[in-house]
Amino acid sequence: MAKPRTPRFYFSLRSPYSWLAYRDLLARHPDLVPLLDWRPYYEPDEHSTRLITELGGDLPYTDMSRAKHLYILQDVGRLAAERGLELSWPVDKQPVWEVPHLGYLHAHRHGLGARYVDLVYRARWEQGRDICSRETIGEIGAELGLDPAAIAAASEDEQLRAEGAAVMVQAGRDGAFGVPFFVHGFTRFWGVDRLDAFAAHVRSAAAPAQRLPEPVAGAVGLGRSPDDGHAGGCG
């Protein structure tokens, strides 16, 4: 378990904004990469939902509106072009997000989490491959020197299921409601456009920790969807 002050990066292999934040992290803040506690954040299936609920977790997911979906297609294309990145949009057919995200936890067990993230992001966003395909994850595992059958079946591993559920519960306790989401002490940053501020905060040992204010009674509700808000982050 990471220390409370360890900077945390909640990422989703599904999210294009998480992919962009990852590429920006490598390009602009490579010194922070080994300092971060990398935590997968994903839309759980029925099994994981039950485990998360049993642990007292809350699930913020709701369906994304068509308007926001179309905006993200445009916005991500624009942001990728600004970075000189080749984008290949994947097509998700009956996705089970535990397949790639619990695959990450499997790779992390073997000290290969960071390399796994790099290969899966490349497969999804630069090659347009289906990362919920066990075949795809098995091939990536083999490239890392891992047992392809074991990593492809990570979503069937009850220990990994429980670990993933615990990570999602902790994400809620950290205040994460979408990705990319960065945490350092009591200070939170959401969205690819907050990466530089997060990096500056981590580097500044003197930066004061700021607790979030308590909710105000009668304040306007923002709904349960992690897609609410600016386009720098999504679910």
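Observations on the model:
- Matching residues, the range 67-81, being more than 15 Å from Trp125 (Cβ to Cβ) and of a type in the set (Asp, Glu): none
- Taken over the range 98-110, the criterion of being of a type outside the set (A, V, I, L, M) and touching a residue at least 24 places away in the same chain (Cβ under 8 Å) is satisfied by Glu98, Pro100, His101, Gly103, Tyr104, His106, His108, His110.
- Across the range 128-163, the number of residues qualifying as exposed (fewer than 14 other Cβ atoms within 10 Å of the Cβ) and under 21 Å from Ser15 (Cβ atoms) comes to 1.
- Pairs, first touching a residue at least 60 places away in the same chain (Cβ under 8 Å) in the range 111-131, second surrounded by 21 or more Cβ atoms within 10 Å (Cβ to Cβ) and among the charged types (D, E, K, R), C-beta under 7 Å, six or more apart: Ile131/Arg124
- Evaluation of Cys132 against (1) more than 25 Å from Leu59 (Cα to Cα); (2) not in a helix (DSSP H, G or I) (one fails), failing number: (1)
- Check on Leu195, in contact (Cβ under 8 Å) with a residue 12 or more places away in the chain, touching a Lys or Arg at 6+ places or on another chain (Cβ under 9 Å) and closer than 15 Å to Trp97 by Cβ: no
Each reported figure results from applying straightforward, stated rules to the coordinates on display, with no laboratory input. Remember, it's a predicted structure, so these values are computed and weren't measured experimentally. Using ideal geometry, Cβ is built from the backbone for each residue, glycine included, and neighbour counts are taken over all protein chains shown.
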